[in-house]
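As structure tokens, the structure follows; a few thoughts come after it.
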Amino acid sequence: IIAVIINYVKRDDVRGTFLDSHFGWQIRTFWYALLWSVIAVLLVITIIGLPLAWVMAVIVGLWVLYRIVRGWLALVARRPMPT
């Protein structure tokens, strides 16, 4: 959560650079991961959705890992992220 707050605070400092797309990428990754995690937790609460919640949690984890790796590779190459 601290990283997202820092992204929002520092976003104006990188506006117009290739880093701006990276900040947006990180912010979108956080909010979508949070959304799907909350949905998974709600499924766990229902008990019936427990198997689906576990599958969803694994998929969300892999998706976040993919976004982190893709972001780092683009950052090292000093390329912007796709929007």
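The values are calculated or read from the model by the stated rules, or taken from the named source; none is laboratory data. Note that the structure is predicted; figures quoted are calculated from it, not measured. Because the Cβ atoms are built from the backbone with ideal geometry, glycine has one as well, and the counts that use them run over all protein chains shown. Ligands, DNA and RNA are excluded from the accessible area calculation, which covers all protein heavy atoms including side chains. Shrake-Rupley method; radii C 1.70, N 1.55, O 1.52, S 1.80 Å.
For the reader, a short list of remarks on this structure follows.
- Apportionment of accessible area to carbon and sulfur, the chain, percent (1.4 Å): 77 percent
- The chain: radius of gyration and largest Cα-Cα distance (Dmax), Å: 15.3, 48
- Under the combined filter of DSSP loop state and at most 10 neighbouring Cβ atoms within 10 Å, segment 8-83 retains these trypsin sites (Lys or Arg not before Pro): Arg15, Arg78.
- Accessible area per residue in Å² at 1.4 Å probe, computed on the chain: 73 Å²
- The chain: DSSP helices with Cα axial extent of at least 15 Å and average Kyte-Doolittle hydropathy no lower than 0.0: 18-45, 50-76
- The helix-only estimate of mean residue ellipticity at 222 nm for the chain, built from DSSP H runs of length n ≥ 4 each weighted as -39500 (n - 2.57), is -27000 deg cm²/dmol after division by the residue total.
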